[in-house]
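All remarks here apply to the structure that follows.
What follows is calculated from the coordinates using simple rules that are stated; it is not laboratory data. As the structure is a computational prediction, the values presented were derived from the model and not from experiment. Note that each Cβ is placed from the backbone with ideal geometry, even for glycine, and that neighbours are counted across all protein chains shown.
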Amino acid sequence: MPLAQNMNDAFVKTESQSKIPRVEFRDVCLAFGDKIVLDGVSFRINPGEMKVILGQSGSGKSTILRLVLGLLKPNSGEIYINGEEVAHLRDEDLSQVRQKMSIVFQEGALFDSLSVYENIAYRPRELGWPPEKIDAHVQRVMEFARLGEVADEFPEALSGGTRRLVAIARAMVDNPEIILFDEPTVGLDPPTARRLCEAAVRLRDLEAVTTMFVTHRLADVRYLASHYVLKNADGASELLEENGKLCLTNTRFLMINEGKIVFDGTDEQLWQADDKFLHSFTHEDEE
Ligand SMILES: Nc1ncnc2c1ncn2[C@@H]1O[C@H](COP(=O)(O)OP(=O)(O)OP(=O)(O)O)[C@@H](O)[C@H]1O
Ligand SMILES: [Mg+2]
């Protein structure tokens, strides 16, 4: 059954017309000892937008995600989630904010002793949801991530790519507003990496989830910038490629180098940017 036919209103996200960004950093600075990692970082992510975060190893990409999650505090500057400043929140208030977010790591961090179904159902069970609600949500996200056939398998029996799709399904099961991806395609072969990117694009376009997608693969950048999903009149979803004709307004790119944002804009601007560092990145060979 096509995804859309399976949706009920409870699952469909309606975005308010609010201009409040989902995530905003204002002049955030962070050092570990005397090593400055973020040096005055500011950016905004609007509801339903995907922000692709680029930068060399050690440039602070994962640190930004950990700040969003509240796992780290900045030395100075402010971090807003839905307009609420979170860097100075107490732990109990922070946990409320954190409930609206999920993260997908490089290594899916699944429970080896639980089936795919049970891995995905874990968090709803922890939240004490009634069984029928748990089942409806798990079935839906398994369908979204095309995992129906492996519901009863255990993680060790799955390929690396499928394990990461399970991690995505698990991250989206309780309808978070924000999903953070930390290099989810590292180590995957190109077709599998594309499947992962497709799942992120479908989350962006069909569910209007706000996403931060950290990667240093140029192939991911090209995919995320050029593919989009539309719902047909009959409710089925279709993956399309814009072939340079459109500029996806819900996808922005941010590049960090030596603690500073060196680029924040659309993919078209990214390909044209003539900053030396950007140039070397955007013109690196495809793997
Ligand atoms: N808890 C910590 N204590 C000390 N230094 C840290 C800590 N966490 C991160 N760092 C340092 O901060 C810098 C940024 O790290 P971060 O993990 O954010 O980089 P990254 O861009 O995600 O890199 P990669 O692409 O390799 O994942 C690195 O130099 C790292 O060594
Ligand atoms: Mg990292």
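Below are the figures for this structure:
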{"quantity": "nm² value of the averaged projected area, convex hull over the Cα atoms of the range 159-210", "calculated": "3.3 nm²"}
{"quantity": "Spatially near lysine pairs across the chain, Cα under 14 Å, sequence gap of 8 or more or different chains", "calculated": "4"}
{"quantity": "Linear extension gain, Ala31 paired with Phe154, 0.36 nm per residue minus alpha-carbon span", "calculated": "40.2 nm"}
{"quantity": "Measure of compaction for the range 237-282 (Cα Rg per 2.2 N^0.38 Å)", "calculated": "1.35"}
{"quantity": "Compactness of the range 116-172 - radius of gyration and Dmax, Cα, Å", "calculated": "10.6, 31"}
{"quantity": "Radius of gyration and maximum dimension Dmax of the range 106-240, Cα, Å", "calculated": "14.6, 43"}
{"quantity": "For the chain, built as a Gaussian network whose Cα springs stay under 10 Å, the top-fluctuating residue of Thr210, Thr251, Thr63", "calculated": "Thr63"}
{"quantity": "Value in Å of the Kirkwood radius, where the range 78-174 supplies the Cα pairs that are averaged", "calculated": "14.5 Å"}
{"quantity": "Kirkwood hydrodynamic radius (C-alpha pairs) into Stokes-Einstein, the range 200-266, 4 °C and 1.567 mPa s, D in µm²/s", "calculated": "98 µm²/s"}
{"quantity": "Estimated dipole of the chain in Debye, rounded to 20 [Cβ of Lys and Arg +1, of Asp and Glu -1, Cα centre]", "calculated": "420 debye"}
{"quantity": "Translational diffusion coefficient (Stokes-Einstein; Kirkwood radius from C-alpha pairs) of the range 166-287 at 20 °C, 1.002 mPa s, in µm²/s", "calculated": "138 µm²/s"}
{"quantity": "Options Gly244, Met142, Gly33, ranked by Cα towards positive dipole end of the chain, top entry (Cβ charges)", "calculated": "Gly33"}
{"quantity": "For the range 73-134, the fraction of alpha-carbon pairs in successive 5 Å shells from zero, as %", "calculated": "4, 13, 18, 17, 15, 15, 10, 5, 2, 0"}
{"quantity": "Mean ellipticity per residue at 222 nm, deg cm²/dmol - from DSSP H runs of n ≥ 4 across the chain, formula -39500 (n - 2.57)", "calculated": "-10000 deg cm²/dmol"}
{"quantity": "With eigenvalues of the C-alpha gyration tensor scaled by 5 and rooted, the chain, Å", "calculated": "29, 23, 19"}
{"quantity": "Note, ³J(HN,Hα) from phi for the range 113-123, Karplus 6.51, -1.76, 1.60, rounded to Hz, x at Gly and Pro", "calculated": "8, 10, 5, 4, 4, 5, 4, 6, 6, 4, 5"}
